[in-house]
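Working notes, beginning with the structure itself.
The values are calculated or read from the model by the stated rules, or taken from the named source; none is laboratory data. Bear in mind that the values here come from a model prediction, so they are computed numbers and not experimental data. Note: ideal-geometry Cβ built from the backbone for every residue, glycine included; neighbour counts use all protein chains shown. Keep in mind that these areas ignore ligands, DNA and RNA; they rest on the heavy atoms of the full protein, side chains included. Shrake-Rupley method; radii C 1.70, N 1.55, O 1.52, S 1.80 Å.
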Amino acid sequence: MGFARTAVAVVGAIMVLVSRSPAQTLPAQGALARNGVRLDSAESAAVARGDVVVRVLPTEDSKDVAVLGIVHVGMSRDLYLRRVQDFRMWLRSPTRTRLGLFSDPAVPADVEQIVITRQDANDLKKCKPGDCTTKLPANAMQRLHDEVDWTASDLQARITTIARQRIIEYVSEYRDHGNASLTVYDDRPTVRASDAFVAVLAQSTALNQSAPALASYLRTFPRGRPGGVADVLYWSEDVVPRLRPILSVTHAVVFTPPEMSGASVIVSKQLYANHFFEAALEVMSVIDSDTDHASRGSYLVVERRYRFDHLPRGLLNIRGKAVAGLREQLRADLGRERQQSERSVSSP
């Protein structure tokens with residue numbers, strides 16, 4: 001599914017111990033309760049009907065937005081994971097205009113479909129630390145000013161070539177050195193992407209408590225890789241109405257934690273985004289239905305957490321609009337997952 005589909009990208013919450021009233025579960029939701037997912041009676045009834053349930057989660061930082069969604073799908077956990085690991089197909093979405101998976105090691109062919117927009121290419125000429133429409137470190141801004149002929153008729157192509165080369169280097173550095181190699185954003189007041197990610201990850205309390213090996217791997221990559229993990233690194237371009245296209249690089253991980261009962265986890269960790277986001281994390285858990293209802297499929301529980309670079313409230317209430325948009329996008333994405341899963345099961 002991928003968090004980038006909503007505005008970037010991956011990266012669902014597992015076992016979220018949040019409830020607006022004392023937890024009550026219908027018999028069909030026993031599997032959710034065993035994995036720590038607490039629903040009030042209205043939410044429990046909605047999930048039992050096959051509806052998508054979405055709620056906004058509290059956050060510690062005013063720049064953060066977090067949403068939680070739950071839906072039942074007519075596909076077993078094993079079948080769903082098999083579908084997920086066809087990454088090239090599973091990562092596609094209606095808002096994703098381009099997508100590429102990285103080889104190991106990354107090679108130029110992996111990024112040949114990346115194109116920097118004409119608007120972004122032109123705007124880079126004006127970039128300086130603290131004032132840039134593209135999220136970049138100060139040394140990259142200086143390199144562009146030193147090396148680019150801004151009067152060239154093929155400016156967009158030249159910027160695209162530089163971007164492709166740098167993204168290959170970035171992915172290689174991440175594979176070798178992990179979070180320490182993540183970029184520093186100097187487009188606004190300086191922010192280390194690694195610090196922003198660790199802060200967002202820390203707020204996913206249930207992930208840290210219930211799948212500690214996975215949480216540790218996200219913090220210490222490439223060290224501490226749990227057995228049975230499947231990884232993929234990919235880039236994507238996502239188009240959201242009224243926003244610039246977002247080019248992002250994401251690390252996705254599929255894992256079945258021994259601590260969880262009948263559940264697997266798919267995590268999407270943002271490594272870079274050229275607009276809007278300092279960090280993003282999605283954790284999707286795929287939870288077996290109760291044993292006596294196994295043929296009826298599984299539950300998807302998705303938490304998406306974003307740290308924006310700027311979310312003013314005030315007259316424009318950008319934060320309120322972001323919350324509403326991300327909530328509705330998660331609802332639409334889970335509805336589509338339900339439909340696609342059930343179509344897959346019914347296909348001969």
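Below are the figures for this structure:
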quantity: Share of carbon and sulfur in the accessible heavy-atom surface of the chain [1.4 Å probe, %]; calculated: 52 percent
quantity: Rg(Cα)/(2.2 N^0.38 Å) for region 189-252, N = residue count; calculated: 1.36
quantity: Alpha carbon Rg of the chain, scaled by the compact-globule rule 2.2 N^0.38 Å; calculated: 0.99
quantity: Tail beyond 13 Å, pair distance distribution of region 68-127 (Cα, percent); calculated: 77 percent
quantity: Principal axis dimensions, largest first and in whole angstrom, of region 128-170 by Cα; calculated: 28, 24, 17
quantity: Paired Rg and Dmax values of region 138-269, which use every Cα atom, in angstrom; calculated: 17.9, 60
quantity: As computed over region 39-91, the Cα convex hull volume per residue (Å³); calculated: 124 Å³
quantity: DSSP-assigned coil residues among trypsin sites (Lys or Arg not before Pro) in region 170-235, each with at most 12 further Cβ atoms within 10 Å; calculated: 223
quantity: Solvent-accessible area of residue 276 with every protein chain in place, 1.4 Å probe, in Å² to the nearest 10; calculated: 60 Å²
quantity: Mean residue ellipticity (222 nm) of the chain, computed from DSSP H runs ≥ 4 via -39,500 (n - 2.57), nearest 500; calculated: -10500 deg cm²/dmol
quantity: Accessible area (Å², 1.4 Å probe, nearest 10) - residue 321; calculated: 130 Å²
quantity: Residue 205 accessible area, assembled protein chains, probe 1.4 Å, Å²; calculated: 70 Å²
quantity: Charge dipole (debye, nearest 20) of region 68-122; +1 at Cβ of Lys and Arg, -1 at Cβ of Asp and Glu; calculated: 280 debye
quantity: Heavy-atom accessible area order for 244, 55, largest first, 1.4 Å probe; calculated: 244, 55
quantity: Compactness of region 205-314 as Cα Rg over 2.2 N^0.38 Å, two decimals; calculated: 1.23
quantity: Interatomic Cα distance distribution for region 60-161, bins of 10 angstrom, percent; calculated: 11, 26, 29, 22, 10, 2
